[in-house]
1. Give the carbon-plus-sulfur fraction of the accessible surface of the chain in %, rounded to a whole number; probe 1.4 Å, heavy atoms of protein chains only.
2. As I understand it, the value is the acute angle between the Cα axis of helix 68-80 and the longest principal axis of the Cα atoms of the chain; what does it come to in degrees, rounded to 10?
3. Taking amide hydrogens as modeled 1.01 Å from N in the peptide plane, which residues meet the under 5 Å criterion relative to residue 57, leaving out close sequence neighbours?
4. Run the quick spin-label model on residue 187 and residue 155: label points 7 Å from Cα toward the beta carbon, then report their separation in nm to one decimal.
5. Most fluctuating residue of 139, 83, 179 in a GNM of the chain with Cα springs under 10 Å: which is it?
6. Rounding to the nearest 20 debye, state how big the charge dipole of the chain is about its Cα centre with +1 on each Lys and Arg Cβ and -1 on each Asp and Glu Cβ.
7. Report ³J(HN,Hα) in whole Hz for each residue of the stretch 160-165, in order, from the Karplus equation J = 6.51 cos²θ - 1.76 cosθ + 1.60 where θ = phi - 60°; Gly and Pro get x.
8. Of 24, 137, 54, which is farthest along the charge dipole of the chain in the positive direction, counting Lys and Arg as +1 and Asp and Glu as -1 at C-beta?
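The values are calculated or read from the model by the stated rules, or taken from the named source; none is laboratory data. Computed from a prediction, not measured in an experiment: that's the story for all the values here. As a convention, Cβ positions derive from the backbone with ideal geometry for all residues, glycine included, and neighbour counts pool all protein chains shown. Heads up: the accessible areas ignore ligands, DNA and RNA and are worked out on the full protein's heavy atoms, side chains in. Shrake-Rupley method; radii C 1.70, N 1.55, O 1.52, S 1.80 Å.
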Amino acid sequence: MENLDLNQLNETLQYKTPHQIISWALSLAKRPVVTTNFRPYEVAILHACTQVKNDLKVIWCDTGYNTPNTYKHANDLIKKLSLNIHLYVPKQTAAYRDVLMGIPEIDSPQHKIFTEQVKLEPFKRAMEAHKPDVWFTNLRKGQTAFRDGIGIVSMSKEGVLKVSPFYHWTDKELDAYLLKHNLPNEFVYYDPTKVLENRECGLHS
């Protein structure tokens, strides 16, 4: 993966379909994974990836603070797409954490600890367990300032090739994709570590 010219690849892949991008990335991969939190439009990347490789490992890091809608949506998609789910949760329960700190405000000194417990530590544990060389995500241009500059393919801090097949797609284009494939979406979603929709979650920066 070290010898890949990411700038050249991003120029070339910009004109490929998600299916073509996924197929290309899988041809390089020995230990591919796709990560999800079942937020809005995540169904697109899960569907697209499993259409190419139906037993692809799906890593779900559940913070423990998802909405009932998200949990139902996740359960429905796991069944509908026969997802090969690998679930990771925080080492502390939400009930235990609620007693000690609750959900800290963004400017609270405890917010960093909270984010580490509910999101970063489970994610690191998942990555250490599976040691992926290719990581499929549903990052898209326009979501955050950081994501606007990464392209379809980028390299993670750990040297994993991150592939975002829908990077240049708009919500309208994704709506059409979901309609075409009869896929459900769910918008009642909550990330306790972000607060603001355009704030980076910490996994990708």
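1. For the chain, the apolar C and S fraction of the accessible surface comes to 53 percent.
2. Rounded to the nearest ten degrees, it is 40.
3. Correct list: 34.
4. 4.0
5. Among 139, 83, 179, the largest mean-square fluctuation in the Gaussian network model of the chain belongs to 179.
6. Computed charge dipole of the chain: roughly 460 debye.
7. Taking θ as phi minus 60°, the curve returns 8, 6, 8, 10, 10, x Hz for the stretch 160-165.
8. Checked the options; the winner is 54.
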